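Shown next, in structure tokens, is the structure this report addresses.
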Amino acid sequence: MNQVRHRGPIVSFFVGLWDVMNFTRRLILNLFFFGLVLLLLIILFASGERAAILPERTTLVIAPEGRLVEQYTSDPALRALSALVGEERDQEVQLRDLLRALDAAKDDKHIERVFLRVDQLQPTGFASLREVADALAKLRAAGKQIVAFGEGFEQGQYLLAAQANEVYLDPMGGMFLEGLGRYRQYYRQGLQEKLGVDVHLFKVGEYKSAAEPYVLDAASPQAKEADLYWMNDVWQRFLGDIAKARKLTPQQLAAGIDTLPEGIAAAQGDLAKFALQQKLVDGLKTQEDVDNLLIERGVADEDAEGGFRQIGFDDYLKHVDSGLVATDPRPQVAVVVAEGDISGGEQPPGNVGGVSTSALLREARDDEHVKAVVLRVDSPGGEVFASEQIRREIVALKEAGKPVVVSMGDLAASGGYWIAMNADRIYADQSTITGSIGIFGLIPTIPRALDKIGVHSDGVGTTRFAGAFDITRPLDPAVGDVIQSVIDKGYRDFTGKVAQARKQSIEQIDEVGRGRVWTGAQAKERGLVDAFGGIQTAISDAATRAKLGKPDAWRVRYIEKSATPFERLFAGFVESRIGGAWVRDSGFARGLLARALPQTEHDLRFLERALTPSRNAPVKALAYCFCGF
């Protein structure tokens, strides 16, 4: 006879607990599954929405907010979420999109005028600003009226606003031209005397000043000489561009700066009035005044912000792209973006990876539809080995019969020049910052810092060099000689490769090298750059070299890391009306976004990577330039 076995209280507790856990797990999975199904249905519903036909006499509102970049540094889902909840940190506008919208508006019969608001555009380099300014000038020359307004303008913002037919400033706003300055913090005393950290610098080139802040208390005479030389060139060109747009002379603008205190005093401290007196703006108006002006000149629309018929920048891009064919069989000019610091391995967008960027170039080489490549460089450089990996891919592309043209953006210096030098042709803006052909390495040692807290390092090694690169020990002078030899070799490699690529002697390259920075105009005079032009000029040149025929016979394709299916899915959900309404009112989503956008100090990240040993080398050779504004 079978006896019923009763569970004890402890066993019953754990069995019950297990049942509860199983139920909870199934419930969560089911909720997640049905939530995902609902999300898919919402996106499918939203994808059925079609953009309205663009009516005639529409005003295109161009009001970029954030940094002007070559490539987004965040995925589509995060960008959509950030824009929806009004998150201002890390907002970005792609230069290519801004240029594309302005070019399309130039020939769009439905666009009557452009309303330009650039006072929320963050500071950027002058080369990219000049590309946008040139696009605005062409738009104006095509007969499209441009009205610019701002509550205040910084110098870079004003370069764009000056291209308008009419520039208005808020009566309580202000602006004035002040000149270019570049100042850095120097840490020698704090590191060496206060903390006891000795930083050993090894470099080639008296103008290679990137690491000076760690070993000096002020800029060296050579650094000041070189910086002032290229900065004056950029500044004079800036004055010339504004003078041309505003029908003034550079001398008038310079005189206004020289007498700035007297002029502002005469205007009784009213910066807006001073800007009007200097003929930098055409009038002082509030936002409401400008809205009324656009209503009078355009078509009234009570439902639109400002009361006039308009289309925003993002919506206009969607309108322009709506006619594109998903599968285009035409041959391609591929564009690969190299923006940010150059580091080894895989790097996210906004940084250049020796492995990841090389993979993009290799994809272009292996794709039979790609007939030519444009490498868009906006980089201060970084690791030598990673730069060399990318340069080798450029050479491989050329050997495969595919022309390679480099388009330099704001900055293509040091390692940024290394990856560019072997192109069939190098384009730069006159105000691009380039050159800085030089190598350096940094080794910190901290025995004095440890001594301050009573910690000491001791031990044994089988040779005199065992543990020689341990930063807790003093640096042996003999080891310093080894490191300097490595850096010297790196400089010989750099100058030798540039000489071969640019068909000059090593002596000629050394004369313009030694770490010295040049503007695009100065670099062209010295044979480091071939011609002036922006990204569109470089693309056209690449197509011509590949013999692709007229512009409508080929297309441009940006090769970059594609978004994951989930990122595209979530971005579509957020951009839909239903998804947008949910996220906009969700405190949870806002909190999630805040945690997803951490701020990390750029220079410290670079220095940390630079000091991390790699490939058993005694020092990581760096080709880097702290030469941006």
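The values are calculated or read from the model by the stated rules, or taken from the named source; none is laboratory data. Since the structure is predicted, the reported quantities are computational estimates derived from the model, not experimental observations. Virtual Cβ from ideal backbone geometry, glycine too; neighbours counted across all protein chains shown.
The criterion of being under 16 Å from Thr59 (Cα atoms), touching a strand residue (DSSP E or B) at 6+ places or on another chain (Cβ under 8 Å) and not aliphatic (A, V, I, L, M) does not hold for Arg330.
Here Thr357 meets the list (1) buried (at least 18 other Cβ atoms within 10 Å of the Cβ); (2) polar (S, T, N, Q); (3) without any contact (Cβ under 8 Å) to a residue 12 or more places away in the chain almost entirely, failing just condition (3). If the condition is being part of a helix (DSSP H, G or I) and in contact with a helix residue (DSSP H, G or I) (Cβ under 9 Å, 6 or more places away or on another chain), then region 199-234 contributes Glu212, Pro213, Tyr214, Ala223, Tyr229, Trp230, Asp233, Val234. Any idea which of Arg526, Arg557, Arg514 is crowded, with 16+ Cβ neighbours inside 10 Å and either closer than 22 Å to Ala338 by Cα or among the hydrophobic types (A, V, I, L, M, F, W, C) (or both)? Sole residue among the options that is crowded, with 16+ Cβ neighbours inside 10 Å and either closer than 22 Å to Ala338 by Cα or among the hydrophobic types (A, V, I, L, M, F, W, C) (or both): Arg557. Scanning region 497-530 for residues that are part of a helix (DSSP H, G or I) and either at pLDDT below 95 or among the small types (Gly, Ala, Ser) (or both) yields Ala499, Ala501, Gly520, Ala521, Ala523. A Cβ distance below 6 Å, combined with a sequence gap of six or more or placement on separate chains, defines the contacts here; from region 160-181, residues that are of a type in the set (Phe, Trp, Tyr) reach residues that are assigned to a loop (DSSP other than H, G, I, E, B) in the pairs Tyr168/Lys285.
Residues are listed down the side, and each one gets a yes or a no for (1) of a type outside the set (Asp, Glu); (2) at positive phi:
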| site | (1), (2) |
| --- | --- |
| Pro477 | yes, no |
| Ser485 | yes, no |
| Asp488 | no, no |
| Tyr491 | yes, no |
| Gly496 | yes, no |
| Ala499 | yes, no |
| Lys503 | yes, yes |
| Ile506 | yes, no |
| Arg514 | yes, yes |
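Within region 157-177, work out how many residues are crowded, with 21+ Cβ neighbours inside 10 Å and under 23 Å from Arg113 (Cα atoms). Adding up the residues that qualify gives 11. Consider Val404 carefully, then state whether it is β-branched (Val, Ile, Thr), more than 18 Å from Cys625 (Cα to Cα) and surrounded by 23 or more Cβ atoms within 10 Å (Cβ to Cβ). So Val404 fits the description; yes.
Checked against (1) buried (at least 24 other Cβ atoms within 10 Å of the Cβ); (2) on the phi < 0 side of the Ramachandran plot, Lys371 meets all criteria but (1). In contact with a Leu (Cβ under 8 Å, 6 or more places away or on another chain), under 19 Å from Gly381 (Cβ atoms) and either in contact (Cβ under 8 Å) with a residue 60 or more places away in the chain or surrounded by 18 or more Cβ atoms within 10 Å (Cβ to Cβ) (or both): does that describe Tyr214? Yes. Which residues, taken from region 539-561, are outside any loop (DSSP other than H, G, I, E, B) and in contact with a strand residue (DSSP E or B) (Cβ under 7 Å, 6 or more places away or on another chain)? If the condition is that a residue be outside any loop (DSSP other than H, G, I, E, B) and in contact with a strand residue (DSSP E or B) (Cβ under 7 Å, 6 or more places away or on another chain), then Ile539, Asp541, Ala542, Ala543, Arg545, Arg555, Val556, Arg557, Tyr558 are the ones that fit. Among residues of region 450-474 that are assigned to a loop (DSSP other than H, G, I, E, B), those with a Cβ under 8 angstrom from a residue that is basic (Lys, Arg), sequence gap 6+ or separate chain, pair up as Ser457/Arg473; Gly467/Arg473.
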